[in-house]
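Q: Below are the structure tokens for one structure; questions will follow.
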Amino acid sequence: MLQVSLYRYNPETDDAPYMQDFSVDTEGRDLMVLDVLELIKAEHDGSVTYRRSCREGVCGSDGLNINGKNGLACISPLSESVKNNKLVIRPLPGLPVIRDLVVDMSLFYAQYEKVQPYLQNATPAPAIERLQSPEERAQLDGLYECILCACCSTSCPSFWWNPDRFIGPAGLLQAYRFLADSRDTATEERLAKLDDPFSVFRCHGIQNCVNVCPKGLNPTKAIGHIRGMLLSRAT
Amino acid sequence: MRTISFDGVIVGGGGAGMRAALQLAQSGYKTAVISKVFPTRSHTVSAQGGITCAIASADPNDDWRWHMYDTVKGSDYIGDQDAIEYMCSVGPEAIFELEHMGLPFSRTEEGRIYQRPFGGQSKNYGEGGQAARTCAAADRTGHALLHTLYQNNVKNETVFFNEWFAVDLVKNQDGAVVGVIAICIETGETVYVKSKATVFATGGAGRIYASTTNAHINTGDGMGMALRAGVPAQDMEMWQFHPTGIYGAGTLVTEGCRGEGGYLINKDGERFMERYAPNAKDLAGRDVVARSMIMEILEGRGCGPNGDHVKLKLDHLGEEVLESRLPGICELSRTFAHVDPVKEPIPVVPTCHYMMGGIPTNIHGQALTVDSEGNDRVIPGLYACGEVACVSVHGANRLGGNSLLDLVVFGRASGLFIEKSLREGIELRDASQSDIDAASERLQALNDRASGESVAPLRRELQEIMQNHFGVFRTGEFMRDGIAKLASLRERVEAVVLADRSSAFNTSRIECLELQNLFETAEATAIVAEARDESRGAHARDDFTERDDQNWLCHSLYHSDGQRVSKRGVNFTPHTVETFQPKARSY
């Protein structure tokens, strides 16, 4: 029997959060962590609350803190998550908890919106697509795949301290996704908006974001590129 | 109960809903999207291989009429030709718009959008060999499309009600739709969202089956709401089983794998599709490939200790092609099949994937019903687009890559039409208190109920019935047995009880409401599947193995009132091309 310890908090009935233990029969299968949550909700306690959608690691709903590390429940197999037959599941750290494993992502989304995450091109659109070479397009690889799960930003100490002023790794990855796009003409305006002591420069290169990203992306590297663009702009 | 008013309300934040919302937001009308998940968590995100459209990149001579021919043939001739004509001809404009919005399509050496071959595609009306018509962003096209649409809605300041759940339609005394009852999941508050135009873009319902590529959230909410409000459902027997769901997990492996040169093998390592479809082979229609796979398994040539799946071979394509064109597939296969496709084939099995049926609409997204004489009648105030709609461009079998095109083209068309209607003035009478109460009844009953069965076992039972009785191959006797099981399940589903009564983020309440939507969708499917006594497209019957154009070259309509089945004519009158006449369908 797998020992699962879940973070519980219902704002209507609980004064404070607590950990609740469940013994779950996995029948020896190497389930995903999400499957275990589904089992608990179906067979142990229907009030256990979490988000989930695609169950294949592309929608970004079920970012959780699993045995101390942020990750997506649906693509975290027990064989890689469980330590000493124990699974401790908490909400993503640093954001307000709404209930159980569900956090309030408003701040995270606000930082994303701040970088104007959409293509801006001042020239009139052609009758067909704008042309882009495979090499130019390759600049977007490792950037556009972000699923906004917030595993990175909520593992970042700089984001914990300044979630309202430091854009955070997820937002900055998207900022660079548009800076790097050969079709975008708003580079100068984008950089001007980021050029303050907090938005970008609170990143101290700790690289927690890189370690936890379930899509294998590297926000630190993207932040480095933005930093470079800001510095060369200043000189 | 609070009332919030909008000019247009879109239920569903996937590709169709966000494309419709974008159109309306740009027009300046007061628009809101109600989405039960944050929009980028919608199931469009899981689409992989691409969006099919004759943009003439891979082939400068490509022609949307060829795409139309393929789509009509793929539909086994019950796709509406006016709608298919509209989709295929307007498609290029809609794709270029997406590119201008920033969608990161893969590129050719010329800098144009990369297109790959997909199943059922041809040049020159089936005479010119395999076409490459599916526009792709690696194998993450749905993700790229959904995020691009969300980003452009952010840019246009669309109002989003994220993590709100629409419960039921509100109809006024004239039977017009004037909004929905919705719950804010975070607080539990219930609100009447009033609107002059209510657009259903709620997606599919693959979760009626035990094994599906669909997300947990694909629970047929739009179908449930429509059927309870007396809106008919069209072609609900037509469910697509995707040939390549990962064995055991159900997660999707794109047809693009076979487009890039992958192929299916049985336990003897034989490329068996050469026997079933000598020309198109692994790129025959999905219905054809799925049935061939089941035949291999039934005849003892399946793989594994139980002989219950086949394999998709990709290793011969080489690591470079796999990592550049199919990186997501490599990732999914390693995670869910514990197989590295660079080295060994992926175990796959046909898996429920797409609902071809849905709410009947015209090309403007207006929901339709039929009067007592059988004539189409627009339902005032209600629109539908994307998977929940049946416009019908997919007929009895959808071609790969056509769902993303469908949702973009008809999301856009719905938005355009509603904008025009709003400008001309939409006058609908206000809902009365009793109209609003009627729409709140189901939720109220659920909240008040003290005892009953819990949601998870009921859902499992429903999914098992559908999986066992209404799968790839169907027989009348077995389906009637399934219908009887569903009939006895209905009362229990209607009496489902809440495991949790709190207001804050109560997912148990949402799951109960979803279960009832699943049930309505499943029962409609079952009853029309039994009624259609022929084999066509995805609907394959062991007891009626032939296509019967005499009796069934038509849509089925399911009416929840009395659980009746009727027939509705297929459109055979495109405006700019000759009708494609039904003929035998082979690949």
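Q: Considering only residues that are at the interface with chain B (Cβ under 8 Å from one of its Cβ atoms) and either crowded, with 22+ Cβ neighbours inside 10 Å or outside any loop (DSSP other than H, G, I, E, B) (or both), which ones fall in region A:28-50?
A: A:K41, A:A42, A:E43, A:T49, A:Y50
Q: May I pose another question? Residue check, B:G304 against (1) free of Cβ contacts under 8 Å to residues at least 40 places away in the same chain; (2) over 29 Å from A:R137 (Cβ atoms); (3) surrounded by fewer than 20 Cβ atoms within 10 Å (Cβ to Cβ), all met but one. Which one?
A: For B:G304, the exception is condition (1).
Q: Among residues belonging to region B:146-159 that are surrounded by 21 or more Cβ atoms within 10 Å (Cβ to Cβ) and within 11 Å of chain A (Cβ to nearest Cβ), point out the one that is nearest to B:T3 (Cα to Cα).
A: B:N153
Q: From the list B:A16, B:A56, exactly one residue is in a loop (DSSP other than H, G, I, E, B) and modelled with pLDDT of 95 or more. Which is it?
A: Step by step, each of B:A16, B:A56 is checked, and only B:A56 is in a loop (DSSP other than H, G, I, E, B) and modelled with pLDDT of 95 or more.
Q: Which residue is nearest to the chain's Cα centre (by Cα), if the candidates are limited to region B:273-299 and must be buried (at least 20 other Cβ atoms within 10 Å of the Cβ) and not in a helix (DSSP H, G or I)?
A: Selected residue: B:G285.
Q: While we're looking at this one, here's another question. Confirm whether B:T244 is part of a loop (DSSP other than H, G, I, E, B), of a type in the set (S, T, Y) and over 30 Å from B:K420 (Cβ atoms).
A: Criteria not met by B:T244.
Q: Which residues, taken from region B:118-145, are facing another protein chain (nearest Cβ under 9 Å) and either assigned to a helix (DSSP H, G or I) or in contact with a Lys or Arg (Cβ under 7 Å, 6 or more places away or on another chain) (or both)?
A: If the condition is that a residue be facing another protein chain (nearest Cβ under 9 Å) and either assigned to a helix (DSSP H, G or I) or in contact with a Lys or Arg (Cβ under 7 Å, 6 or more places away or on another chain) (or both), then B:A138, B:G142, B:H143, B:A144 are the ones that fit.
Q: Of all residues in region B:136-163 being of a type in the set (F, W, Y) and more than 22 Å from the chain's Cα centre (by Cα), which is farthest from A:A175 (Cα to Cα)?
A: Result: B:F161.
Q: Here are some conditions: (1) at pLDDT 95 or above; (2) surrounded by fewer than 16 Cβ atoms within 10 Å (Cβ to Cβ). B:K567 meets all but one. Which one does it not meet?
A: Here B:K567 clears every test but (2).
Q: Hey, another quick one. Condition test on A:Y144, is it touching a Phe, Trp or Tyr at 6+ places or on another chain (Cβ under 8 Å), among the aromatic types (F, W, Y) and buried (at least 19 other Cβ atoms within 10 Å of the Cβ)?
A: no
Q: Next question, about the same structure. How many residues does region B:205-222 contain that are surrounded by fewer than 24 Cβ atoms within 10 Å (Cβ to Cβ) and either touching a residue at least 60 places away in the same chain (Cβ under 8 Å) or over 17 Å from A:E38 (Cβ atoms) (or both)?
A: 2
Q: Residues of region A:137-151 being in a loop (DSSP other than H, G, I, E, B) and of a type outside the set (V, I, T), which ones?
A: A:Q139, A:L140, A:D141, A:G142, A:L143, A:Y144, A:E145, A:C146, A:L148, A:C149, A:A150, A:C151
Q: Report yes if A:S53 is under 25 Å from B:V45 (Cα atoms), free of Cβ contacts under 8 Å to residues at least 40 places away in the same chain, of a type in the set (S, T, N, Q) and part of a loop (DSSP other than H, G, I, E, B), otherwise no.
A: For A:S53, the condition - under 25 Å from B:V45 (Cα atoms), free of Cβ contacts under 8 Å to residues at least 40 places away in the same chain, of a type in the set (S, T, N, Q) and part of a loop (DSSP other than H, G, I, E, B) - is met.
Yes/no matrix, rows are residues, columns are (1) assigned to a strand (DSSP E or B); (2) touching a Lys or Arg at 6+ places or on another chain (Cβ under 9 Å):
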site	(1), (2)
B:L169	yes, yes
B:Q173	no, yes
B:V178	yes, yes
B:A182	yes, no
B:Y192	yes, yes
B:V199	yes, no
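Q: Can you tell me which residue within region A:110-135, out of those that are among the acidic types (D, E) and within 8 Å of another protein chain (Cβ to nearest Cβ), is farthest from B:R112 (Cα to Cα)?
A: Only one residue fits best here, namely A:E113.
Q: Tally up the residues in region A:189-209 that are touching a residue at least 40 places away in the same chain (Cβ under 8 Å) and in a helix (DSSP H, G or I), please.
A: Here the count works out to 7.
Q: From A:L148, A:L143, which residue is touching a Ser or Thr at 6+ places or on another chain (Cβ under 8 Å) and within 14 Å of chain B (Cβ to nearest Cβ)?
A: From the options A:L148, A:L143, the qualifying one is A:L148.
Q: Answer yes or no as to whether B:A215 is in contact with a Cys (Cβ under 6 Å, 6 or more places away or on another chain) and in a loop (DSSP other than H, G, I, E, B).
A: In short, yes.
Q: While we're looking at this one, here's another question. Pairs, please: C-beta under 7 Å, at least 6 apart or cross-chain, first residue within 14 Å of chain B (Cβ to nearest Cβ) and in region A:156-185, second in a helix (DSSP H, G or I) and aliphatic (A, V, I, L, M)?
A: These pairs meet every condition: A:L173/A:A222; A:A175/A:L194; A:A175/A:I226; A:Y176/A:A222; A:Y176/A:I226; A:L179/A:I226; A:L179/A:M229.
Q: Here's another thing I want to ask about it. Just for region B:64-96: of the residues that are touching a residue at least 24 places away in the same chain (Cβ under 8 Å) and of a type in the set (D, E), which one is farthest from A:T185 (Cα to Cα)?
A: B:D76
Q: Looking only at region B:93-117, which residues are surrounded by 18 or more Cβ atoms within 10 Å (Cβ to Cβ), closer than 23 Å to B:I363 by Cβ and more than 8 Å from every other protein chain (Cβ to nearest Cβ)?
A: Result: B:A94, B:L98.
Q: Now, a different point. Which condition number in (1) assigned to a strand (DSSP E or B); (2) closer than 20 Å to B:H394 by Cα; (3) within 14 Å of another protein chain (Cβ to nearest Cβ) is the one that B:T254 fails?
A: Result: B:T254 fails condition (1) only.
Q: Let me ask another. Which of (1) under 19 Å from B:I185 (Cβ atoms); (2) facing another protein chain (nearest Cβ under 10 Å); (3) assigned to a loop (DSSP other than H, G, I, E, B) is the odd one out, the single condition A:I98 does not satisfy?
A: Status for A:I98: all satisfied but (3).
Q: Let me ask something else about it. Being among the basic types (K, R) and either within 14 Å of chain A (Cβ to nearest Cβ) or buried (at least 21 other Cβ atoms within 10 Å of the Cβ) (or both) is the filter here, so list the residues in region B:492-540 that pass it.
A: B:R501, B:R509, B:R532, B:R536
Q: If I filter region B:262-271 for residues that are surrounded by fewer than 24 Cβ atoms within 10 Å (Cβ to Cβ), touching a Leu at 6+ places or on another chain (Cβ under 8 Å) and at positive phi, do I get at least one hit?
A: no
Q: Of all residues being of a type in the set (S, T, N, Q) and part of a loop (DSSP other than H, G, I, E, B) in region A:1-27, which is farthest from A:L64 (Cα to Cα)? Just the residue, please. It would help to see each step written out before you state the result.
A: Quick first cut of region A:1-27, residues of a type in the set (S, T, N, Q) only: A:3, A:5, A:10, A:13, A:20, A:23, A:26.
Among the residues that remain, those that are also part of a loop (DSSP other than H, G, I, E, B) are: A:10, A:13, A:26.
Details: A:N10: 17, A:T13: 23, A:T26: 20 Å.
In this case the residue turns out to be A:T13.
Q: Could you look through region B:570-586, keep only residues that are of a type outside the set (V, I, T) and under 24 Å from the mean Cα position of the chain (by Cα), and pick out the one that is modelled with the lowest pLDDT? Show your work before the answer.
A: To start, the set of residues in region B:570-586 that are of a type outside the set (V, I, T) comprises B:571-572, B:574-575, B:578, B:580-586.
From the residues that got through so far, the ones that are under 24 Å from the mean Cα position of the chain (by Cα) too are B:571-572, B:574, B:585.
Values: B:N571: 98, B:F572: 98, B:P574: 98, B:R585: 95.
Filtering region B:570-586 for residues that are of a type outside the set (V, I, T) and under 24 Å from the mean Cα position of the chain (by Cα), the one modelled with the lowest pLDDT comes out as B:R585.
Q: Give A:L92, A:L87, A:L107, A:L64 a once-over and let me know the one that is out of contact with any strand residue (DSSP E or B) (no Cβ under 9 Å at 6 or more places or on another chain), away from chain B (no Cβ under 11 Å) and either modelled with pLDDT of 95 or more or in a helix (DSSP H, G or I) (or both).
A: A:L107
The values are calculated or read from the model by the stated rules, or taken from the named source; none is laboratory data. Worth saying up front: this structure is predicted, and the values here are computed from it rather than measured. Cβ atoms come from the backbone with ideal geometry, glycine included; neighbour counts cover every protein chain shown.
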